[in-house]
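Okay, so here's the structure we're looking at.
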Amino acid sequence: MKAQLEKIYSDAQSDIAKSTSINDLDEVRAKYLSRKGEFNEIKKNLKNLSDEDKRTVGALANEITKNLELALKAKHDEFYQTELNAKLQKERIDISLPGQFTPRGKVHPLTATTNEIVSILQSLGFSVVKNENSPEVETEYFNFDMLNIPSDHPARDVQDTFFTKLAPNVVLRSQTSGAQIHVMEEQKPPIRVISPGRVYRNENINARKNNFFHQIEGLYVDKNITFGDLKGVLNEFIRIYFGASRPTRFRSSFFPFTEPSAEVDVQCIMCGGKGCKTCSGTGWLEILGAGMVDPNVLKGVGIDPEVYTGFAFGMGVERLAMLKYAIDDIRLFFNNDVRFLKQF
Ligand code: PHE
């Protein structure tokens with residue numbers, strides 16, 4: 001029986017030695033040490049032995065069992081460690097790897113330009129009108145009539161207005177100047193407001209013209225406002241927006257709602273004044289129209305032109321953005337080509 005034990009012991013040892021995983025070890029344990037394992041089968045026969053043999057064989061069986069348990073445990077710990085190391089290696093997190101890329105949204109260049117213009121004008125004392133005083137769908141009353149543009153006036157055609165079928169006299173506004181009327185009907189002087197927004201004109205689309213674009217309207221009405229104030233505010237605006245270096249010119253012009261009127265040009269940034277397709281060969285780009293509020297307009301909204309005077313201006317946001325960022329085609333703002341938008 002002793003010999004049997006020794007034999008099983010050495011079989012078990014060689015099985016342990018041959019094991020390559022924790023799984024293998026579990027099988028070895030089951031084969032030799034479980035309740036139905038080979039040792040238990042032998043221990044069952046102990047009762048047939050003499051007391052003396054029972055003791056020595058029993059002791060030997062116990063010792064072998066103990067040794068096997070130790071050997072299994074040692075091997076188990078070794079496998080556990082290597083398996084753990086392999087797992088850790090496999091699941092290692094490289095904290096130096098870049099994170100997952102999520103593209104970041106940006107402010108559209110026209111929005112950025114609008115924000116910049118608005119904040120410059122705010123710093124000069126103007127405040128932005130309420131949204132309801134600056135609707136894009138407008139009546140002819142605000143877009144034309146009250147701005148001293150009678151129904152047979154060519155200016156209605158000049159601006160290539162989009163008329164709607166919503167109701168008679170409802171148009172997509174062709175200019176932000178209607179905001180002047182909204183404000184003056186609601187509020188008495190002193191008035192110092194600006195109104196940024198989109199306007200629509202039925203134009204042939206090309207590098208310089210789109211059938212909608214953006215304006216920022218300005219209106220200053222108070223006692224003793226003069227053309228000098230107009231020039232002062234607009235020159236200061238241009239100086240802040242462009243820096244002192246870019247030449248500008250005030251050209252005498254005509255608008256039905258201002259008298260006298262002027263158009264302000266900035267030297268073309270694309271050609272430096274030599275003439276190119278952006279400036280239609282003139283070397284200048286018109287950025288705003290302006291003038292002293294016509295007495296008829298003031299009368300219309302119940303403001304006495306003998307007491308109050310004012311100036312108004314309207315600037316083109318696209319023009320100002322094109323000059324700032326050297327963009328040579330207005331259509332780029334509206335194509336939503338990410339390669340273009342990304343640059344800002
Ligand atoms: N509304 C004019 C335009 O769209 C610009 C302007 C505004 C001119 C205010 C004078 C005063 O051309």
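Every read-out reported here was derived from the displayed coordinates using simple, explicitly stated rules and does not represent laboratory data. Keep in mind that what you see is a predicted model, and the values were worked out from it rather than measured. Heads up, the Cβs are rebuilt from the backbone with ideal geometry, glycines too, and the neighbour counts pull from every protein chain shown.
Could you pull out which residues in the range 137-158 have an amide N less than 12 Å from a spot 7 Å beyond the Cα of residue 202, following the Cα-Cβ vector?
Taking a point 7 Å out along Cα→Cβ of residue 202, the residues of the range 137-158 whose backbone N falls under 12 Å are 157-158.
Highest mean first, what order results for 319-327, 177-185, 331-339 on Cβ atoms within 10 Å?
Peptide ranking by packing, descending: 177-185, 319-327, 331-339.
So for the range 109-341, taking the charge dipole from beta-carbon charges (+1 Lys/Arg, -1 Asp/Glu), which of 241, 302, 143 sits furthest toward the positive end?
The residue sitting most towards the positive pole is 241.
How high is the FRET efficiency between residue 164 and residue 223 when r is their beta carbon distance and R₀ equals 45 Å, given to the nearest 0.05?
After rounding to 0.05, the efficiency reads 0.70.
What's the magnitude of the charge dipole for the range 191-344 around its Cα centre, counting Lys and Arg as +1 and Asp and Glu as -1 at the beta-carbon? Answer in Debye, nearest 20.
Once rounded to the nearest 20, the dipole reads 660 debye.
In debye to the nearest 20, how big a dipole does the chain give about its Cα centre with +1 on each Lys and Arg Cβ and -1 on each Asp and Glu Cβ?
1220 debye
Exactly which GluC sites (Glu not before Pro) in the range 281-333 are in a DSSP loop and have at most 14 other Cβ atoms within 10 Å?
Answer in residue order: 306.
Can you tell me the length gained on complete extension of the stretch residue 77 to residue 249, counting 0.36 nm per residue apart and subtracting the Cα distance?
53.1 nm
What full-extension length gain, to one decimal in nm, is calculated for residue 132 and residue 211 as 0.36 nm per residue of separation minus the Cα-Cα distance?
Result: 26.1 nm gained on full extension.
Charges on Cβ only, +1 for Lys and Arg, -1 for Asp and Glu, centred on the Cα centroid of the range 109-341; of 285, 311, 269, which one is farthest towards the dipole's positive end?
Farthest towards the positive pole: 269.
List the residues of the range 99-133 whose backbone N lies under 20 Å from a point placed 7 Å from the Cα of residue 236 along the Cα-to-Cβ direction.
So the set is 115-129.
Note the full-extension length gain between residue 340 and residue 104 as 0.36 nm times their separation in residues minus their Cα-Cα distance, in nm to one decimal.
Value of the extension gain: 83.5 nm.
Quick check on packing: order 84-90, 233-239 by the mean number of other C-beta atoms within 10 Å, highest mean leading.
Put in order of decreasing packing, that is 233-239, 84-90.
Kindly state, to the nearest 0.05, the FRET efficiency for residue 54 paired with residue 91, given R0 = 41 Å and r defined as their beta-carbon distance.
0.20
For the chain, with the dipole built from +1 on Lys and Arg beta-carbon atoms and -1 on Asp and Glu ones, taken about the Cα centre, which of 99, 56, 70 lies farthest toward the positive end?
56
Quick check for you: which residues of the range 294-319 have the amide N under 16 Å from the point 7 Å beyond the Cα of residue 188 toward its beta carbon?
Only 298-309 pass the distance filter.
If you place +1 on the Cβ of every Lys and Arg, -1 on the Cβ of every Asp and Glu, and leave all else neutral, what size is the dipole of the range 96-252 about its Cα centre, to the nearest 20 Debye?
Around 700 debye, computed over the range 96-252.
Using only Cα atoms, locate the centre of the range 126-151 and the centre of the range 233-286, then give the distance between them in Å, rounded to an integer.
The range 126-151 and the range 233-286 have Cα centres spaced 25 Å from each other.
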